[in-house]
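Below: one structure, written as C-alpha cells.
The values are calculated or read from the model by the stated rules, or taken from the named source; none is laboratory data. Note that the structure is predicted; figures quoted are calculated from it, not measured. Cβ sites come from the backbone with ideal geometry, for glycine too, and all protein chains shown count toward neighbours. Surface areas here come from the heavy atoms of the whole protein model, side chains and all, with no ligands, DNA or RNA. Shrake-Rupley method; radii C 1.70, N 1.55, O 1.52, S 1.80 Å.
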Protein chains: 8
Amino acid sequence: MKWNIYLSGEIHTNWREEIKLHSQKENLDINFTEPVTNHEFSDDCGITLTGSEEKKFWHDHKGAKINAIRTRTYIEKADIVIVRFGEKYKQWNAAFDAGYAAALGKPIIVIHQEEHQHALKEIDGVALAVVDDPIKIAPILKYIIDGKL
Amino acid sequence: MKWNIYLSGEIHTNWREEIKLHSQKENLDINFTEPVTNHEFSDDCGITLTGSEEKKFWHDHKGAKINAIRTRTYIEKADIVIVRFGEKYKQWNAAFDAGYAAALGKPIIVIHQEEHQHALKEIDGVALAVVDDPIKIAPILKYIIDGKL
Amino acid sequence: MKWNIYLSGEIHTNWREEIKLHSQKENLDINFTEPVTNHEFSDDCGITLTGSEEKKFWHDHKGAKINAIRTRTYIEKADIVIVRFGEKYKQWNAAFDAGYAAALGKPIIVIHQEEHQHALKEIDGVALAVVDDPIKIAPILKYIIDGKL
Amino acid sequence: MKWNIYLSGEIHTNWREEIKLHSQKENLDINFTEPVTNHEFSDDCGITLTGSEEKKFWHDHKGAKINAIRTRTYIEKADIVIVRFGEKYKQWNAAFDAGYAAALGKPIIVIHQEEHQHALKEIDGVALAVVDDPIKIAPILKYIIDGKL
Amino acid sequence: MKWNIYLSGEIHTNWREEIKLHSQKENLDINFTEPVTNHEFSDDCGITLTGSEEKKFWHDHKGAKINAIRTRTYIEKADIVIVRFGEKYKQWNAAFDAGYAAALGKPIIVIHQEEHQHALKEIDGVALAVVDDPIKIAPILKYIIDGKL
Amino acid sequence: MKWNIYLSGEIHTNWREEIKLHSQKENLDINFTEPVTNHEFSDDCGITLTGSEEKKFWHDHKGAKINAIRTRTYIEKADIVIVRFGEKYKQWNAAFDAGYAAALGKPIIVIHQEEHQHALKEIDGVALAVVDDPIKIAPILKYIIDGKL
Amino acid sequence: MKWNIYLSGEIHTNWREEIKLHSQKENLDINFTEPVTNHEFSDDCGITLTGSEEKKFWHDHKGAKINAIRTRTYIEKADIVIVRFGEKYKQWNAAFDAGYAAALGKPIIVIHQEEHQHALKEIDGVALAVVDDPIKIAPILKYIIDGKL
Amino acid sequence: MKWNIYLSGEIHTNWREEIKLHSQKENLDINFTEPVTNHEFSDDCGITLTGSEEKKFWHDHKGAKINAIRTRTYIEKADIVIVRFGEKYKQWNAAFDAGYAAALGKPIIVIHQEEHQHALKEIDGVALAVVDDPIKIAPILKYIIDGKL
C-alpha cells in the first residue's frame, strides 16, 4: 500500500524536503502532498487567476479559496496528516488544518517546539504523536509502514 | 425550531454574555453552548479529576481531553458555530474548532478585528459571515432565525 | 412524529401560505420551513449585517452566504423538500436546492407548469412526486402523514 | 495523483475541449469526465434503450434517469466539479449538478458571464472560484495541481 | 427514550395491531410506524394525487414513489425494523425494506413461518432475531426496552 | 475509469455471461462481479467451511453469512447494481440486494418480465432503468460508459 | 441539553447505581443507559424469546443478538460511553463496546484498576479520560456538563 | 479485485504466516495487513520514537497511539477483518479491533477455541464466520474470492 501523507503548516523552512529525503532513504512507499509553499503564489493566486480586487479582504478571500481546492482535497485523501507549527506568525491555518483533519478522523502527527506546548494542548490532545523536530518523523513513518524501529 | 449555537474562541471578555443578552431581547429561540470559560478550571480539570502529573505536557494533555468531551459534543450538535479571535495569544484552539466545524459542514461565523484579516484568510474563506464586533452577531441571528432585518 | 418540510423556490406568489393553510385544515403535524421570502431583505442582508460592498458581486456574495446559513440548515433538517419553479426568472437557486436535497437523499416533490417539463426533466427524474399546482400538495402530505386519500 | 474533474453544464459550445487541450499542454494529470454532450442522444437515450413512451414526460423521465447513472457516478468520483452556465436556456440541470456537488462537499468552480451574476449568486456563494471565461480554467488547474502561476 | 419501530411487510392480517396492543399492555414507550396498509390506497395514491396514467407501469410507478416518501422516512428514523413475510404473494417490497434497513445498520427482526426458512436465509442472516409468530414480538420488545423476561 | 458492476439475482440461466460477452464485444471497461452462482456451493458453503449443523436453519444461516462477505463487499464497491428477477422462486435475496443497494445510493438497473411488474413496483420505483430482457443491458452500459447509442 | 451516557462493562457490582446516585445529587441532566445487567436474563434471552437450542453456541448466539439490539442502539445514541473493566473474567464484550464506540467517534471514559493498565493500553489510548474508581465519574460529568470543579 | 484483509489479534504464534502461505498456494489476490507483531517494538515504539516517559501509563500510551496510526488505517482499508483470540492473556485489543471493525460495517471472521465460546458470544454474534483453527481460513477466503469449495 502506498501511503498518502499530507504535510501541513509552516512554510518558511525546508522541513518537508527533509522528511521526504529521509523517507526516500528508507524506501518508504509514500506519496507526500502539501500546500503550495511559494508564499507569494499562495497569497496572490486568487487575483492572478480570477481577477484583481481592491479590498485586501477579497484579495485574500479569493486566494484562500483557490488554495482550499488543493489543500482540502489532499487532506481528505491523506492517510496521515502531519502538522508543523513554527516559531513565528499566528499559523491559524495550520491549526485549522488540524481541526479539519481531526473531524475527518485522520491520524495526526504534530511537530512543535517546547515553548508552544501549552498553547497547542488541544491539538496535541488529538494527535497520535507529538515531536519537537521534523527529524523524528521519518523513523515514525518507517515504524508505521515497515514495522521497524 | 430551537437553534443550537456554539460560541468558540476567546475567553477573556464577556462577548458571549453580550450575544446571549441581545438574542434574548429579540426572543430568538437559541440554545447557546460554549467551552468551560473559567481559565483555571479549563487548565486544571484533567489533573483535578483524574490525578496529578509531574510533566506539564501530561497535565495539559489530560485537561485538553476532558475539555474535548464537552467542546466536541457541543460542536457536533451545533447548527451554527461562531468563533471569535481576540487580540492576544495564539488561540490555536479557536482555529482548530473552526477547522473541526468546517469538516463537519457546520455554518461558521467568524468574529475578528481588521488587524488579523490576513492571518485568518483561510478561516474567513470557509465562514458564511465575517464581522469585526460581537455586537453584530445578534442581528445576524435574528435575520437567520426570524427573517427580519 | 412532527414532519419537517422545506418549501424552496419561487418567492413571488403566496403558494407557501396556501400549502400551510390547507395542511393546517387537515391537522397535519408539520413544521414548515422556508427561505427568507422578502426579496429585498434576501438581496441586502449581507451588506446590511456585515458591511457594504462596492462591487455587486461581493454585495450578492455576502447575502447569499448569510441566506445559506438558514436555507442549508433547514434543508438538512427537512424530511421532505418541496421545490416550486415559477413562470419567470432563471430560478437557479431552486434547482441548486433540489440538487443539494437530492445528494442528501431527501424526498423531493416538485411543482412546475407543463411548459417547463423538458427543461426540468433531470429534477423531475429524482423527484418522488411532480405536480403542476401547489393546490395538489396538501392532499399528498395528508396521504403521506395520515395515510388517507 | 490523477485528478478527476467533472465538466458540467452548457453543451452547445466546445468549451470542454478547450479546457482539455490547454490542460494537456500543461501536462496536468487529469481525468476529465462529462455528461453525454450529444444533445439528441441525451434526450432520446431512455426510449431508445428501454422502450418508447407516448407521453413526453415519461420519454424525458426515462432519459433523465439513464443519464443520471453516468452523471451522478462521475460527480461522486470527482475531485473538482466545474459548472458552466451559458447564455441560453434555463440550464436547471447545471444548477442541480452544482447543488448536488455542494452537498457532497466537492470543490466547485463556476464559469458564467457577468450578466448572470445576480441570478447565480447562491451558486457563486458555494464556489471556490468564479470566472467568466473557460480560458481561465486551465491556469487554475495548473496552480492547484502543480502549484505554479 | 421513546423507541421508533417500523413494521414492514405483509398487510393482509392485523398483526400490527396485535403487536401494538401487547406493547401497550406492557407500557412500552414505543412509537410504531408502518406503510399505508390500505391496499387500494397504496396502489392508487400516485394517480389519485398526481394525475392518471394509461400505462400500468406508470400508474404503479407514481404510487410506489409517493409511498416511498413515507416508508423510507420511517425506516430511516426507526430504531428497530420488524419485517413480516406472510404466506402469500411475492412480497418483494418486504425484502427490499429489509435490505434497505440492513444497509442503514438498523437492527432487524424477521417474522416468517417455517416453510419460508430456506428462501429467507439471507434476510434471516442479517436479522438480530427471527420468530415464526407476531405474538413473540412484544416479549422481545419488552426485554429490549425494559430488560425483563 | 473502470466501472464496477454487480450482477445480482437469478442464478439459473446464463444471463450474466450474455451481458459480459456483449460488453466485451463493445470493449467496455467493466469489472463485473456477482454472487457465487453455483447453487450447491452457495447452499452448503457454511457447513463445508465452518462445520456441519443438524438444524436446517443454522445450516442455511452459516452459508448466508459466508456468502454475504462476498456479495456485500461487491455491492459496496459497485458503481452500478443490476438485479434480475427470474420467473421462478421467491428471489427474496434479489429484492434484499436491491434494497441494500438503494440505501447505499447505488444506481440500480432492474431486469424482469412484464408479469412481475406490479409486484416489483417499489423496486422499479428506485431503479434508474427497467428492462425486460438481459439483451438490453449491454447497449445501456455502452451508452453510460461511451456515450454512444 | 440532556446528555445520553451509556454505561458499559462489568455487571457484578453496583457501580452504575453509584454513578447515577451521585449524578442525581449534582442535578446533572443525564439519561443513563446500560445493557441488561441481570446475568441470567442476558444469557438466556435468546432461547427464552425465540426458541431453545441444543448447541451452546447457538444458545449464546441468539442471546448475543437480542442483547445487541439494545446495546448497539444505546451506544449509537450516547453522547459519552463509559466502560468499566472489573477484576474478573475476560470482559471481551466491554472491549468490543469500546472499539464500537471509538469507531463511531464517541467520547470514551474508561474505568479500570492499575493492574490492568498494560493490557488496556490501546483502549486507554482512545479514551478521553481514564480513572481507577467509579467514584471519580460523577465529578467528571459535573465538570463536562456544568463546567464546575 | 485485490482484497485487503487485516489479521488482528494474537501475536505469539505464526498463524498469520500460515494463512498467507495457504492463500498464496491458492493464488488468491490478497493484500494482507497486520499490526506490528514484534512484541517489544510494539510496546516500546512510543518512547523510542517520541521520547521516554517515567510513568508506565504514558510509556504505554505513546506506544498505543503510534500503533493506532497503523492498525486503524489498515482496519479502515480492509475488506475483511480476521480476529484471532489465543489461549492466553486478556487480548482486549483484539476485542477492541473487532468492535471497531463492526461499527465500520466490515465483515468479520473470528478464530477461537471452543473454551472461549461463551466469553466471545457478542463478538461471534457480529462475525460472518467463526472457526476454531487458522487452517480453516484459507478455504473460506478461496470460496469468497474464487467461489470454489
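The figures follow:
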read-out: Rg over Rh, two decimals, the stretch A:85-149 (C-alpha only, Kirkwood Rh); value: 0.98
read-out: Spin-label pair G:Leu149/C:Asp29, simplified geometry with 7 Å Cα→Cβ offset, distance in nm; value: 4.6
read-out: Computed Kirkwood radius, in angstrom, where 1/r is averaged over Cα pairs of chain F; value: 16.1
read-out: Kyte-Doolittle mean at least 0.0 and Cα axial length at least 27 Å: DSSP H helices in chain E; value: none
read-out: Residue closest to axis [chain B; rotation mapping onto F; Cβ; Å]; value: B:Gly105, 9
read-out: Under 18 Å from the B:Glu18 label point (7 Å along Cα→beta-carbon), backbone N, the stretch B:75-98; value: B:82-89
read-out: Heavy-atom accessible area, 1.4 Å probe, ligands and nucleic acids excluded: residues of the stretch H:82-96 down by at least 40 Å² from chain alone; value: H:Lys90, H:Trp92, H:Asn93, H:Phe96
read-out: The stretch F:17-46 and the stretch E:5-48: distance between their alpha carbon centers, rounded to Å; value: 39
read-out: log10 of Debye I(q)/I(0), alpha-carbon scatterers only, for the stretch E:33-78 at 0.17 Å⁻¹; value: -0.46
read-out: Spatially proximal aspartates and glutamates relative to D:Lys20 (Cα-Cα < 17 Å; intrachain offsets below 8 disregarded); value: D:Glu10, D:Asp29, D:Glu34, D:Asp79, D:Asp133, D:Asp146
read-out: Amide H contacts of H:Thr33 (H built 1.01 Å from N, under 5 Å, at least 5 apart or other chain); value: H:Ile5, H:Tyr6, H:Leu7
read-out: In the D-F interface, the accessible area buried, summed over both sides, Å² (probe 1.4 Å); value: 1700
read-out: Per DSSP, loop GluC sites (Glu not before Pro) in the stretch B:48-113 with at most 15 further Cβ within 10 Å; value: B:Glu54, B:Glu87
read-out: Whole-number accessible area per residue in Å² for chain A, which is evaluated in the context of all protein chains at 1.4 Å; value: 38
read-out: Filter on A:Lys90/B:Lys65; C:Lys121/E:Lys65; E:Lys25/F:Lys62; A:Lys77/F:Lys106 - keep pairs with C-alpha separation over 28 Å; value: E:Lys25/F:Lys62
read-out: Accessible surface of the stretch E:42-149, 1.4 Å probe, proportion on carbon and sulfur as whole %; value: 46
read-out: Prolate/oblate/rounded label for the stretch H:40-117 (Cα gyration tensor, a/c 1.5); value: oblate
read-out: Shielded residues, the stretch G:16-51 - accessible-area loss of 50 Å² or more between chain alone and all protein chains, probe 1.4 Å; value: G:Phe41, G:Leu49, G:Thr50
read-out: Given charges at beta-carbon only (K, R positive; D, E negative), |dipole| of the protein assembly as shown in Debye; value: 0
read-out: Separation of alpha-carbon centers, the stretch G:95-128 and the stretch A:76-94, rounded to whole Å; value: 28
read-out: Shape category assigned to the stretch E:1-85 from the gyration tensor of Cα positions, a/c cut at 1.5; value: prolate
read-out: Dipole axis of chain D (+1 Lys, Arg; -1 Asp, Glu on Cβ), positive-most option in D:Cys45, D:Thr33, D:Met1; value: D:Met1
read-out: For chain G, calculated [θ]222 nm from helices alone, where every DSSP H run of n ≥ 4 adds -39500 (n - 2.57); value: -15500 deg cm²/dmol
read-out: Candidate aspartates and glutamates - alpha carbon under 17 Å from F:Lys55, same-chain residues fewer than 8 apart omitted; value: E:Glu114, E:Glu115, E:Glu122, E:Asp124, E:Asp132, F:Asp43, F:Asp44, G:Glu53, G:Glu54, G:Asp60
read-out: Neighbour-limited loop hits for trypsin sites (Lys or Arg not before Pro), the stretch B:45-92 (at most 11 other Cβ within 10 Å; DSSP other than H, G, I, E, B); value: B:Lys88
read-out: Overall form of the protein assembly as shown per C-alpha gyration tensor (a/c, 1.5; a/b vs b/c); value: rounded
